[in-house]
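These notes concern the structure reproduced below.
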Amino acid sequence: MTAVIMFLTMVFDLADKLNDFLQAGATAHEIIFDYFFNFMLLYANMFSSLIIFVSVIWFTSKMAQDTEIIPIWNSGRTFGRFVRPYMIAATFLMLLSLLLNHFIVPRANKVRLAFEEEYYWNNMQVNDYHAEFPGEQVVYFSNYTSESGIVSDFVVEQWNEKGEMVSFLKAKTAKNEPGSDIWTLNNYFERKTSYPKDEIVTGKKLDTTFAFSIDEMATRANVAEAMTYFELKEFIQREKDKGSKRVPTYEVVLYERTSLPFSTYILTIIGIAVASRKKRGGIGINIAIGLAIIFIYIFAMKVTSVAAMNVGFPSYLAVWVPNVLFGAVAYYLYRKVQR
């Protein structure tokens with residue numbers, strides 16, 4: 001099932017992006033191994049719990065239609081004993097998914113996103129940036145484009161612990177040397193507060209360093225996908241210190257890496273409960289019920305995630321509420337099947 005779904009996903013994605021890749025000069029080796037291999041790893045793991053759910057329904061429905069489950073129960077085996085092998089398999093798959101989510105897939109995403117940045121994405125632009133960095137530094141700029149690498153109206157304010165401004169530095173344009181903390185400022189003005197009078201310095205060009213780079217100010221929304229668990233935790237804390245508005249988005253990504261694998265347990269129990277009794281409609285009706293449950297689950301995840309990103313709903317609740325609700329449904333169905 002995973003292979004079929006990933007093949008279909010790859011075909012649709014290939015049809016949408018292949019022309020852009022070829023026009024940008026990407027080689028066949030890069031398209032296959034840098035992009036599609038990592039693309040399939042990402043989505044196969046992302047949808048693993050849902051694919052497992054459909055697989056459980058298919059397998060259990062087949063057993064029920066062939067009248068293999070009734071003899072098991074008539075032999076005196078409890079429903080819990082029947083479910084045990086499913087849960088052992090679900091545990092193995094959940095642990096595997098956790099490992100992939102937190103450590104392996106982010107490294108694969110780093111390669112995939114680097115490929116997209118070079119061959120697919122358009123020029124990135126950031127407008128009206130404002131953030132507070134560690135060390136009581138406040139940074140502003142009006143515009144930045146990745147194509148030119150130039151920052152316009154660049155301002156750095158240095159404050160002390162008492163809330164007093166120590167220095168004010170402004171440049172008409174600035175440029176950060178890629179992969180470093182070295183900056184070149186053009187047409188700059190600097191004012192340092194001192195007693196008995198302030199010190200003012202102006203100039204055409206200034207080479208200096210800051211405790212930040214343009215890479216952490218001009219980032220795409222999916223930057224968190226390329227970070228392992230510990231990297232993402234550190235990144236989120238840094239974004240909180242800066243007062244970034246994207247913190248809830250990054251937190252949702254972090255918490256989903258655990259909540260989605262855990263849903264394997266819940267969906268497995270629901271799948272067994274739905275498919276373990278023989279129905280007049282056969283396997284097809286069970287698959288239809290399963291797909292309906294999947295759509296409701298995904299809808300619930302999206303609603304709570306949007307609430308976390310836009311209306312201040314706690315991120316950890318946003319990703320766990322669907323599991324709690326469907327966990328209650330799973331418990332109800334489990335008890336009902338036992339009777």
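The values are calculated or read from the model by the stated rules, or taken from the named source; none is laboratory data. Since we're looking at a predicted model, the values are computed, not measured. Ideal geometry is used to build each Cβ from the backbone, glycine not excepted, and the neighbour counts take in all protein chains shown.
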Kindly indicate the residue of region 36-77 that is in contact with a helix residue (DSSP H, G or I) (Cβ under 9 Å, 6 or more places away or on another chain) and small (Gly, Ala, Ser) and also farthest from Thr258 (Cα to Cα) among those meeting that condition.
Ala64
Suppose we filter Thr219, Thr208, Thr249 for residues that are assigned to a loop (DSSP other than H, G, I, E, B) and surrounded by 13 or more Cβ atoms within 10 Å (Cβ to Cβ); which single one remains?
Thr219
Report, ordered by the first and then the second residue, all pairs with beta carbons closer than 7 Å, sequence separation of six or more or different chains, a first member in region 44-65 that is crowded, with 18+ Cβ neighbours inside 10 Å, and a second member that is of a type in the set (Lys, Arg).
Ala64/Arg277; Ala64/Lys278
Can you name the condition, by its number, that Ile214 falls short on among (1) within 26 Å of Phe141 (Cα to Cα); (2) not assigned by TED's automatic domain parsing to the domain that holds Glu136?
(2)
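Yes/no per residue for (1) crowded, with 16+ Cβ neighbours inside 10 Å; (2) of a type in the set (A, V, I, L, M, F, W, C); (3) over 30 Å from Ile270 (Cα atoms):
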residue	(1), (2), (3)
Phe79	yes, yes, no
Pro85	no, no, no
Phe92	no, yes, no
Val105	yes, yes, no
Pro134	no, no, yes
Glu164	no, no, yes
Check region 295-310 and report whether any residue there is under 17 Å from Ile269 (Cβ atoms), in contact (Cβ under 8 Å) with a residue 60 or more places away in the chain and of a type outside the set (D, E, K, R).
yes
Tabulated pairs, region 1-21, first more than 19 Å from Ser48 (Cβ to Cβ), second aliphatic (A, V, I, L, M) and surrounded by 15 or more Cβ atoms within 10 Å (Cβ to Cβ), C-beta under 7 angstrom, 6+ apart or interchain
Phe21/Ile31
